[in-house]
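In what follows, a single structure is set out as structure tokens and then discussed.
Computed from the coordinates by the stated procedures, all read-outs in this text should not be read as laboratory data. Remember, predicted model here, so these are calculated numbers, not experimental data. Backbone-built Cβ (ideal geometry, glycine too); neighbour counts: all protein chains shown.
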Amino acid sequence: MSRFARTLAMAAAALAGAASADTLTFNGTADDFLKIFVSTDLSNPGAVVFDKTSGWGSVGTATIDLQPGQSVYLLIDANNANGGPAMLLANLSLSGETLRFANGLTTLTTDTTHWQVSETSFAGTLSAPVSMGQNLPGLQIWGAFAPVSSDATAIWAYNADWSNGRVGHAYFVTQISAVPEPATALLWLGGAAMLTALRRRTR
């Protein structure tokens with residue numbers, strides 16, 4: 001192995017070792033309850049990774065370990081158990097180097113752009129959620145939730161006002177996608193550089 005190749009391999013190993021584990025932090029609430037799943041398959045959500053059984057008046061926080069470099073769906077089953085208006089309201093963050101939310105960032109709030117929702121199941125027909133208002137004073141019947149980002153939008157599967165609200169679930173979906181690890185990117189660049197050098201030598 002050449003000196004250049006050895007140096008490249010050592011640098012890649014060091015970067016790989018320095019990368020921290022990926023975790024997801026959820027901070028939010030739903031009217032009335034919510035369950036969170038993380039899955040690679042919409043038709044098979046798997047086990048519940050967070051179950052917020054307290055009512056909408058309290059904000060729940062959870063830290064969830066994710067598989068580094070593996071794209072997944074973040075699935076939230078929000079249960080409007082008492083009829084009337086309903087919402088999901090949250091801000092989320094990712095730590096680690098290998099994953100990004102649907103907006104390309106390591107932070108995400110509930111909004112009508114980067115989330116989809118179904119009234120039947122996670123694998124059902126998905127559409128853009130309806131905005132019930134921003135997390136600011138005057139938000140519907142709930143008011144603002146100080147522990148949740150003011151950038152977050154209260155979202156639901158339909159316009160759940162007093163006349164249209166009804167008991168039922170809303171199945172929210174957003175994607176968390178893998179990005180190249182620094183070590184992987186360095187190896188790719190190093191390989192490209194070596195190929196270029198070999199071609200020049202051949203000529």
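Where does the charge balance sit around Phe33 when Lys and Arg score +1, Asp and Glu -1, over other residues with C-beta under 14 Å from its C-beta?
On the way: positive: Lys35, Lys52; negative: Asp31, Asp32, Asp51, Asp77.
Net charge in that neighbourhood comes out at -2.
Could you line up Tyr171, Tyr158 from fewest to most neighbouring Cβ atoms inside 10 Å? Spell out each step's value before the answer.
Details: Tyr171 22, Tyr158 16.
Listing Tyr171, Tyr158 from fewest to most nearby Cβ atoms yields Tyr158, Tyr171.
Packing around the peptides 159-165, 70-76, taken as the average count of other Cβ atoms within 10 Å per residue, puts them in this order, highest first: 70-76, 159-165.
Each peptide in 103-114, 31-42 gets a packing score, the mean of other Cβ atoms within 10 Å over its residues, and the list from highest to lowest is 31-42, 103-114.
Using R₀ = 25 Å, calculate the FRET efficiency as 1/(1 + (r/R₀)^6) where r is the Cβ-Cβ separation of Thr125 and Gln67; round to 0.05. Don't skip to the end; give the middle numbers.
Numbers: r = 28 Å, r/R0 = 1.12.
Here the calculated transfer efficiency is 0.35.
Neighbours of Ala128, meaning other residues whose beta-carbon lies under 15 angstrom from its beta-carbon, give a summed charge of -2 when Lys and Arg score +1 and Asp and Glu score -1.
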